[in-house]
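S.K.: Take a look at this one; I'll ask things after.
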Amino acid sequence: MRPHIACPTTSGTGAEVTGIAIFDYLELHAKTGIASRRLRPDLAVVDPDCTLTLPRTVVACSGFDVLSHALESYTALPYVRRPQPASPAQRPMSQGANPFSDLACLEALRIIGEFLVRAVDDASDGEARERMMYAATLAGIGFGNAGVQIPHAMAYAVAGLARAYHAPGYPGVEPLVPHGMAVILNTPSAVRFTAETDPARHLRAAALLGADVSGAAPTDAGEVLGARLQALMRATDMPNGLHGVGFAPSDVPALREGTLPQQRLLGNAPRTTGAAALDGLFARAMHYW
Ligand SMILES: [Zn+2]
């Protein structure tokens with residue numbers, strides 16, 4: 001690779017610090033991530049002033065991408081539950097939740113809980129936009145090391161199959177469910193599915209995002225976190241689930257088939273996530289309120 005200097009223009013992907021890029025082959029309707037350490041930039045120039053003219057929806061969608069990177073990494077299959085590589089040099093790029101990625105993800109979640117809605121609501125709120133840019137880079141470091149999982153796996157199918165929705169504030173007229181929106185529409189459903197694998201982590205994430213978790217039992221973790229995510233989605237005018245971007249229950253089989261190839265991400269989930277599980281996850285992502 002030639003020297004690669006990355007300058008993010010949204011507070012979202014964290015691509016300036018990851019070895020992950022998105023491959024979108026329009027003729028095949030094939031959109032997927034490709035991952036290699038060689039894709040990691042040599043230098044990142046991270047300037048929150050680049051986001052000052054972004055439309056509200058772009059700030060919201062990219063902000064939810066950051067949230068998802070941090071949350072999915074923090075609740076990913078922990079590194080201690082994976083096969084041990086023969087030597088440290090053979091570790092995969094996505095290692096699952098680990099103490100180093102946890103540090104970055106927890107701080108990113110805390111910042112998002114405090115500043116996401118402010119950054120969306122007021123383009124002149126320089127502090128909020130600066131904090132969200134920092135959170136994006138932090139979450140990039142976290143998920144570039146731990147890896148994302150179910151909501152991102154489902155998002156490829158959502159974005160690829162969308163035919164009847166174009167997000168406001170985005171250029172062009174073709175169908176478009178922005179990446180962060182395609183991810184977050186699945187997230188409340190996914191956390192209700194994964195919470196039982198580690199209720200404490202799901203509750204901690206909910207608290208950092210602003211939920212009241214006092215008195216919450218471990219069995220409440222999925223519902224508490226799911227409800228908090230839905231509140232953030234409503235506060236930033238996200239669509240009400242997959243139905244809000246034009247999908248119906250009859251689309252579940254196509255959505256499931258579009259998700260199953262994402263084994264790099266599904267294998268990073270804390271629960272086995274096969275075809276039957278995906279059918280339920282998509283069905284429960286259709287409407288949230
Ligand atoms: Zn993402």
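Readers should treat all values here as calculations from the given coordinates under stated rules, not as data from a laboratory. Keep in mind it's a predicted model, so treat the numbers as computed, not measured. Please note: Cβ atoms are built from the backbone with ideal geometry, for glycine as well, and neighbour counts cover all protein chains shown.
S.K.: Nearest 20 debye, what's the magnitude of the dipole of the chain about its Cα centre given +1 on Lys and Arg Cβ and -1 on Asp and Glu Cβ?
M.R.: In debye, rounded to 20, the chain gives about 820.
S.K.: Suppose we keep just the alpha-carbon trace of region 21-95; what are its Rg and Dmax in angstrom?
M.R.: Expressed in Å, the Cα Rg and Dmax of region 21-95 come to 16.8, 49.
S.K.: Taking the radius of gyration and the Kirkwood hydrodynamic radius from Cα positions alone, what is the Rg/Rh ratio for region 224-276, to two decimal places?
M.R.: 1.04
S.K.: Taking the Cα centre of region 69-137 as origin, sum charge times position over the Cβ atoms of Lys and Arg (+1) and Asp and Glu (-1), and report the length of that vector in debye to the nearest 20.
M.R.: Charge dipole, region 69-137, about its Cα centre: 520 debye, nearest 20.
S.K.: Two decimals, Cα atoms only, Kirkwood Rh: what is Rg/Rh over region 1-157?
M.R.: Rg/Rh for region 1-157 comes to 0.98.
S.K.: So for the chain, what are the equivalent ellipsoid semi-axes in whole Å, largest first, each being the square root of 5 times an eigenvalue of the Cα gyration tensor?
M.R.: Gyration-tensor ellipsoid for the chain: 23, 23, 21 Å.
S.K.: Okay, next question. With viscosity set to 0.692 mPa s at 37 °C, what whole-number translational diffusion coefficient in µm²/s follows for region 1-57 from Stokes-Einstein and a Kirkwood radius over Cα pairs?
M.R.: This corresponds to a translational diffusion coefficient of 254 µm²/s.
S.K.: Can you give the charge dipole size of region 1-47 about its Cα centre, rounded to the nearest 20 debye, using +1 on the beta carbon of Lys and Arg and -1 on the beta carbon of Asp and Glu?
M.R.: For this selection, approximately 220 debye.
S.K.: Between H179, Q262, Y165, whose Cα lies farthest towards the positive end of the dipole of the chain when Lys and Arg beta carbons carry +1 and Asp and Glu beta carbons carry -1, centred on the Cα centre?
M.R.: Positive-most Cα among the choices belongs to Q262.
S.K.: Next up: Show me the ranking of peptides 85-93, 205-213 by mean Cβ neighbours inside 10 Å, starting with the highest.
M.R.: Taking the mean over residues of other Cβ atoms within 10 Å, the ranking is 205-213, 85-93.
S.K.: Give or take rounding to whole Å, what are the principal axis extents of the alpha carbon atoms in region 93-159, in descending order?
M.R.: Principal axes ranked by extent give 37, 31, 15 Å for the Cα atoms.
S.K.: For region 121-207, take N as its residue count and report Rg(C-alpha) divided by 2.2 N^0.38 Å.
M.R.: Normalised Cα radius of gyration, region 121-207: 1.30.
S.K.: Just need log10 I(q)/I(0) for region 197-289 at q = 0.12, 0.14, 0.16 Å⁻¹, Debye formula, equal scatterers on the alpha-carbon atoms, no solvent, rounded to two decimals.
M.R.: Taken in order of the listed q values, log10 I(q)/I(0) reads -0.47, -0.63, -0.82.
S.K.: Per q in 0.16, 0.33, 0.34 Å⁻¹, report the Debye log10 I(q)/I(0) for region 249-289, using one uniform scatterer on each alpha carbon and no solvent.
M.R.: After summing over all Cα pairs, the log10 values are -0.40, -1.16, -1.19.
S.K.: Turning to a different aspect of this structure: Give me the number: length gained by fully extending A276 to R38, i.e. 0.36 nm times residue separation minus the C-alpha to C-alpha distance, one decimal in nm.
M.R.: Gain on stretching A276 to R38: 82.1 nm.
S.K.: Let me ask another. Could you order the peptides 261-270, 10-19, 148-157, 234-243 from most to least packed, using the average number of other C-beta atoms within 10 Å per residue?
M.R.: 148-157, 10-19, 261-270, 234-243
S.K.: Still on this structure, I have one more. Bin by bin, in steps of 10 Å, what percent of the Cα pairs in region 169-231 do you find, going until the bin that has the longest distance?
M.R.: 22, 44, 18, 12, 3
S.K.: Would you mind computing Rg(Cα) / (2.2 N^0.38 Å) for region 106-253, counting N as its residues?
M.R.: Computed over Cα atoms of region 106-253, the ratio equals 1.08.
S.K.: Test of understanding: express the Cα radius of gyration of region 57-127 as a ratio to 2.2 N^0.38 Å, with N the residue count.
M.R.: 1.41
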